[in-house]
1. Has the range 14-29 got any residue that is in contact with a helix residue (DSSP H, G or I) (Cβ under 8 Å, 6 or more places away or on another chain) and among the hydrophobic types (A, V, I, L, M, F, W, C)?
2. Could you please give the count of residues in the range 1-35 that are over 28 Å from Gly91 (Cβ atoms) and hydrophobic (A, V, I, L, M, F, W, C)?
3. Note down all Cβ pairs under 7 Å where the first residue falls in the range 72-100 and is exposed (fewer than 14 other Cβ atoms within 10 Å of the Cβ), the second is of a type in the set (Gly, Ala, Ser), and they're at least six residues apart or on different chains.
4. What strands (runs of 3 or more DSSP E) lie completely within the range 1-87 and have 1 or more residues being under 19 Å from Arg99 (Cα atoms) and hydroxyl-bearing (Ser, Thr, Tyr)?
5. Tell me yes or no: at least one residue of the range 21-31 is hydrophobic (A, V, I, L, M, F, W, C), over 25 Å from Asp115 (Cβ atoms) and at pLDDT 95 or above.
6. Taking the range 88-115 as the region of interest, how many residues are touching a strand residue (DSSP E or B) at 6+ places or on another chain (Cβ under 7 Å) and not in a strand (DSSP E or B)?
Amino acid sequence: MSFDPSTLRYNDAGLIPVIAQDANSGEVLMLAWMNAEAVARTLHTRKVTYWSRSRQEFWVKGATSGNTQGLVDFRIDCDRDCLLVAVDQSGPACHTGRRNCFFTSVQDGAEVEVD
């Protein structure tokens, strides 16, 4: 059966959340958004392409930073309203320069930066 991006359940803005995970370690790297065109581009080029909500444009991960995400696996959740991309991450995934975007933990009611 061939895949049709229009069968995914996008939100009212035409977007679907995407979790990026390191294909080797399983580490969760970041969460971003795709529209149907970004899904199609990602599957065609094997370079993970997101939709930037702030810039209102396509964003090929690493195009300016060099910290690329090569697509290893593309998965759809059971409700078809969330995606998981397993990636070959080159360099940090977070725009802050950290390995992943989830470096703030809430511990005993306080925010703590963790590695």
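The values are calculated or read from the model by the stated rules, or taken from the named source; none is laboratory data. Because the structure is a prediction, the values reported are computed rather than measured. No Cβ is skipped: glycine too gets one built from the backbone with ideal geometry, and neighbour counts run over all protein chains shown.
1. There is at least one residue in the range 14-29 that is in contact with a helix residue (DSSP H, G or I) (Cβ under 8 Å, 6 or more places away or on another chain) and among the hydrophobic types (A, V, I, L, M, F, W, C).
2. Summing the residues that are over 28 Å from Gly91 (Cβ atoms) and hydrophobic (A, V, I, L, M, F, W, C) in the range 1-35 gives 4.
3. Asp73/Ala23; Asp73/Ala86; Gly91/Gly66
4. Counting at least 1 such residues, we get 49-52.
5. No, that holds for no residue.
6. 7
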